[in-house]
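Working notes, beginning with the structure itself.
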Amino acid sequence: MNVVTPGDLDPALEAEIIAAVDDGFDGQIEFTRELVRHPSLRGREHTAQELVHSALRARGYAVERWAIDVEEIRHHPGFSPVTVDYENAVNVVATHRPPETLGRSLILNGHIDVVPEGPLDMWSRPPFDPHLEGDWLYGRGAGDMKAGLVANIFALDALKRLGWQPAATVYLQSVTEEECTGNGALSCLVRGYRADAAIITEPTDASLVRANVGVIWFRVRLRGHPVHVREAGSGSNAIEAAYRIIAGLRELEAEMNAEQADWPPFTDYDHPINLNVGKIAGGDWASSVPAWCDMDLRLAVYPGQDPAEVAHRIETTVSAACQDHPFLSNNPATIEYNGFFARGYILEEGSEAEAALVAAHRTATDDEALGFDLAPAYLDGRVFVLYGDCPCLVYGPHAENIHGFDERVSLSSIRQITRSLALFTARWCGLTPT
Ligand code: ZN
């Protein structure tokens, strides 16, 4: 064996790489299921990370693991406010260093954290008991995004099975906090992990994300004085007053969507800016007038738009909604930023990394052209593109019901993107014998 220089691959080698991915596929799905069994909800990510850590160590990588240190990232422009303890917010990064460097370096990134599963009786089967049915693997986090995270690892395994290793530095990142702040990927960047390209295997139905929106999280708090229901005037109820605030914010949402012509590439996208009233809690008794209510909300911002500017509009909107309202004018709502405060990004067109993915995808799919998409949701890609000067290709399998019930990911699409990842790595990094 000699070396494989970066660039076009010999078709015989491409066929070998595809076959090697297929050979490891049963083990790949088994490991994905094992990872889904760990409910890596916010604050509980560490046991899943432990599993990833030992799997990477067993493969001989140099592996670093750390809990995110807020002080390390607090002053970075990409930082999002933190209201929880980061004791279990563990990142894991494995490093592959080649004996000789022929090609360009690469980060393969995935997030370990999953969103809450909701009421169990809304699931057909327990969310953390992954099961297979036809072409689907079911479970919370199966699609978003443990399948992608595991595909990153197994793509390199496939090369190794053939006696090859990437001829450039490759980092395998398993990060946390993607679903709430983006501080996990940011912490890796601040720690010095950089590369010539990155891939994040979020579930994109094998399309490449061209741009996404940024996201702001905020909590609106309403506080007053509790009274007996016999004294309830129409305006003294904090839960009912919350409706006024929501109505005001819906107007802001409509106003921002009406501005989409100013914000390419979202100019023609159907409703790019979404307000989500994600959680509401208030009161404690059917016969007491609730004097308090908290709402957790999420609003998008256009790529290029400063979240601070939109935060200012949120504050103006909420304070306007409080005026002339019998409860709110005496008890103005307060706003706390308690998560994402993140910009969106646009991936520059025509990079060499993109060309390599286009070619890899074509080979992996029997000649399908790579599709492109816009994402109306947060992605860690912004960390690489905006702050790491690194083209970040967000490209992963087909999943359904992510953040919903009966989340599932397509096995055939996992296989296909794992092939693409292995082919991409060979093209981008080049190969040298193990
Ligand atoms: Zn995700």
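The values are calculated or read from the model by the stated rules, or taken from the named source; none is laboratory data. In this text the structure is predicted, and so the values were computed from the model without any measurement. FYI the Cβ positions are ideal-geometry reconstructions off the backbone, even for glycines, and counts take in every protein chain you see. Just the protein is used for accessible areas: all its heavy atoms, side chains included, with ligands, DNA and RNA removed. Shrake-Rupley method; radii C 1.70, N 1.55, O 1.52, S 1.80 Å.
Could you derive backbone 3J(HN,Hα) for the stretch 375-391 from the dihedral phi with the Karplus parameters 6.51, -1.76 and 1.60 (θ = phi - 60°), listing whole Hz in sequence and x where the residue is Gly or Pro?
10, x, 9, 5, 9, 5, x, 4, 4, 6, 6, 7, 10, x, 6, 9, x
With a cap of 14 neighbouring Cβ atoms within 10 Å, and only residues DSSP puts in a loop, list the GluC sites (Glu not before Pro) found in the stretch 318-413.
Values: sites: Glu336, Glu348, Glu349, Glu352, Glu354, Glu368, Glu400, Glu407; in loops: Glu348, Glu349, Glu368, Glu407.
Here the sparse-neighbourhood loop sites are Glu348, Glu349, Glu368.
Return the percentage of antiparallel bridges among DSSP beta bridges fully within the stretch 96-238, rounded to the nearest 5 %. All intermediate terms of the calculation are to be shown ahead of the outcome.
Numbers: 4 of 14 bridges.
Percentage antiparallel, nearest 5: 30.
Need the C-alpha centroid separation for the stretch 367-386 versus the stretch 13-37, integer Å.
Comparing the Cα centres of the stretch 367-386 and the stretch 13-37, I get a distance of 24 Å.
Quick one: with all protein chains in place, what share of the accessible area of the stretch 122-212 is carbon or sulfur, to the nearest percent (1.4 Å probe)? List each step's numbers first, then the result.
On the way: 1010 of 2170 Å².
C and S atoms contribute 47 percent here.
Quick one, what does Rg over Rh come out to for the chain if you take C-alpha atoms and the Kirkwood Rh? Walk me through the intermediate numbers first.
Values: Rg = 23.4 Å, Rh = 22.8 Å.
Using Cα coordinates only, the ratio equals 1.02.
In square nanometres and to one decimal, what's the mean projected area of the convex hull around the Cα atoms of the stretch 84-225?
Values: hull surface 53.8 nm².
Answer in nm², one decimal: 13.4.
In nm, what is the difference between 0.36 nm times the number of residues separating Asp10 and Thr267 and their Cα-Cα distance? All intermediate terms of the calculation are to be shown ahead of the outcome.
Values: separation 257, 0.36 × 257 = 92.52 nm, distance 4.11 nm.
Taking 0.36 nm per residue and subtracting the Cα distance, the gain is 88.4 nm.
On a C-alpha basis, how far is the centre of the stretch 39-75 from the centre of the stretch 298-366 in Å? Whole number, if you could?
When both Cα centres are located, 27 Å separates them.
Beyond 13 Å, what share of the Cα-Cα pairs of the stretch 263-332 is found? Please give it as a whole percent.
On the way: 1831 of 2415 pairs.
For the stretch 263-332, the share of Cα pairs beyond 13 Å comes to 76 percent.
Using a 1.4 Å probe, what is the accessible area per residue for the stretch 215-341, in Å²? Don't skip to the end; give the middle numbers.
On the way: 6350 Å² over 127 residues.
Here the residues of the stretch 215-341 average 50 Å² of exposed surface.
So how do Asp157, Asp284 rank on accessible area, 1.4 Å probe, biggest first, that is with the largest at the start? It would help to have the intermediate numbers written out before the result.
Details: Asp157 20, Asp284 110 Å².
Putting Asp157, Asp284 in descending order of accessible area: Asp284, Asp157.
Quick check: convex hull of the Cα atoms in the stretch 215-341, volume per residue, rounded to a whole Å³?
Numbers: hull volume 12.6 nm³, N = 127.
Given the Cα convex hull of the stretch 215-341, per-residue volume reads 99 Å³.
Once Rh is set to the Kirkwood radius over Cα pairs, what Stokes-Einstein translational diffusion coefficient, in µm²/s, holds for the stretch 348-434 at a temperature of 37 °C and a viscosity of 0.692 mPa s? Before the final figure, lay out each step's value.
Working: Rh = 14.6 Å.
For these conditions, the coefficient is 225 µm²/s.
Only helical DSSP H runs with n ≥ 4 go in: add -39500 (n - 2.57) per run for the chain, normalise by residue count and round the 222 nm mean residue ellipticity to 500 deg cm²/dmol.
Numbers: 10 runs with 134 residues, N = 434.
The per-residue figure over the chain is -10000 deg cm²/dmol.
Can you tell me, using C-alpha contacts under 8 Å and at least 6 residues apart, the relative contact order of the stretch 309-413 as a whole percent? Numbers along the way, then the final one.
Details: 60 pairs, mean separation 18.0, N = 105.
Value for the stretch 309-413: 17 percent.
Suppose we look only past 21 Å in the calculated P(r) of the stretch 1-139. What percent of the Cα-Cα pairs does that tail hold?
Every Cα pair in the stretch 1-139 considered, those over 21 Å come to 61 percent.
How large is the accessible surface of Lys279 in square angstrom, using a 1.4 angstrom probe and rounding to the nearest 10?
120
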